[in-house]
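The values are calculated or read from the model by the stated rules, or taken from the named source; none is laboratory data. In this text the structure is predicted, and so the values were computed from the model without any measurement. Cβ: placed from backbone, ideal geometry, glycine included. Neighbour counts: every protein chain shown. These accessible areas exclude ligands, DNA and RNA; they are computed on the full protein's heavy atoms, side chains included. Shrake-Rupley method; radii C 1.70, N 1.55, O 1.52, S 1.80 Å.
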Amino acid sequence: MEVLIMAGQLILGLSILVGLHEWGHMAAAKMFGMRVEKYFIGFPPKIFSIQRGETEYGIGAIPLGGFVKISGMIDESMDTAAMSQEPQPWEFRSKPAWQRLVVMLGGIFVNIIVGIFIFIVIAYNEGDKFLSINEVNKYGIVAGDMAEEIGLKTGDKIVKVNGKPVVNFNEVVSSEVFLGSNSSYTVNRDGKDVQIEIPNNFIEKLSDPEEKGNFIRPLEPFVIGELVPSSPAQKAGMLTNDKVVSIDGKPIHFFHQLQAELQRLKNKQTTLVVQRGSQEKTLTPTISEDGTLGFYPKSLLNYTAVEYSLGQAIAVGTQDAFGVVFNYVKGFGKIFRGEVSASKALSGPIGIARMFGGVWDWGRFWSLTGLLSIVLAFMNALPIPALDGGHAVILSYEIISGRKPSDKFLENAQKVGMVLLLGLMAFAIFNDVWKAVF
């Protein structure tokens, strides 16, 4: 079921974004009087279509893309027979270069606007909720395996990132830290400041979302939150707001301590002591085979909530959207410098589906869809033949030089681009499978 939910979210998100991207091309083309023959979400074989005027609107069976067919344009259809005829006034190739450039950039423009809009709506509706570094430093951090590898320890209190004081705990694990060069933490350990250097290729080791989530966490006192129906916790008599005192005779103060003990006690019945009001209760749950009791923890740390006005949400949402672009530029820079391998940094459809997760969460869905909209715009803007950016480069050359490349050159460039894109797609899918299996 989790796999189906992941796939469903991926297909819905991509269908929305690709549909809007191709609509951007179509709207610009129709605005300049170009004939749009086809507008499809998904690739052939065709499932359904309807003819409206000169355009056939349809849905394809392969839901990982889409296309718009504009008369007189050399595209992935490679319709060379039509291109051998005399240009007609309604064709793409008959229009001025600046109009053709606008058409090619239409999809990128729409994806940028959609991404910014989604980030603005999220900022306005949800505001921001974060842990201040002062709140985290009441107890310190939990250092996961990757954190211990660079020298961090559980109980450390992070006071500076890259030599600067931090306010929001999210700054500690931000992309700015991992995508930057020569990053570092300053931690207070046993009353002394200790400098922890972060290797430039460290982001490669955190490419797995689960690893990144376990890299650094706050030491978190907690009580029992929502109980999963028919779970070991509910069957044993645990109640919301119970505070776990000990398990199997070992004292529990923080949530990561309980998690570690539950992993050790998989499939075993154990003794669990909880504090309920002013009394202590002894329960005997049987831990599940995956090392859980079946409840959601309620943190006793105090989160800071921020609400944004519409004007503030517009500023924050726009900044977040363009922050995605800057992070991707930094990421590509690390790949080109050899600090991060492409196989670790790049993800295909399987990797993206895993990001959505196996539980349908609309908040996470729209957050990731907004991110993917910006990423789709960025990737399409790359100067690769067959992508919008490749077409834009050729059209820019035509505008500046006044010379139009031959149709033969455009056809060959499209073929080269298609080979590159198919190779990249095959690499991304194989890479996803390899990472999932190994």
When the chain is treated as a GNM, springs tying every alpha-carbon pair under 10 Å, which of 238, 355, 26 comes out with the largest mean-square fluctuation? 238
How large is ³J(HN,Hα), in whole Hz, for each residue of region 315-323 in order, when computed from phi with the Karplus curve 6.51 cos²θ - 1.76 cosθ + 1.60 and θ = phi - 60°, using x for Gly and Pro? 5, 5, x, 5, 4, 5, 5, 6, x
Calculate one ³J(HN,Hα) per residue across region 230-240 by plugging θ = phi - 60° into the Karplus curve 6.51 cos²θ - 1.76 cosθ + 1.60, and present them in order as whole Hz with x for glycine and proline. 6, 7, x, 5, 5, 5, 7, x, 5, 10, 4
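Filter the trypsin sites (Lys or Arg not before Pro) in region 387-438 down to the DSSP loop ones having no more than 13 other Cβ atoms within 10 Å, then list what survives.
Sparse-neighbourhood loop trypsin sites (Lys or Arg not before Pro): 403.
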Taking 8 Å as the Cα distance limit and 6 or more residues as the minimum spacing, I'd like the relative contact order of region 344-395 as a percentage. 15 percent
With x for Gly and Pro, the residue-by-residue ³J(HN,Hα) of region 126-138, computed from phi through the Karplus equation 6.51 cos²θ - 1.76 cosθ + 1.60 at θ = phi - 60° and given in whole Hz, is 9, x, 9, 9, 8, 9, 6, 5, 5, 5, 4, 6, 4
Less than 25 Å apart at the alpha-carbon level, and either on another chain or at least 8 residues along: which lysines does that give for residue 205? 153, 157, 160, 164, 330, 334, 344, 435
DSSP-assigned coil residues among trypsin sites (Lys or Arg not before Pro) in region 224-306, each with at most 13 further Cβ atoms within 10 Å: 266, 268
Protein accessible area in the chain, 1.4 Å probe - carbon and sulfur %: 60 percent
Between 142, 416, 375, where does the largest GNM mean-square fluctuation fall for the chain, given springs only between Cα atoms within less than 10 Å? 416
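With both bridge residues required to lie in the chain, what share of the DSSP beta bridges run antiparallel, to the nearest 5%?
Bridges in the chain are about 90 percent antiparallel.
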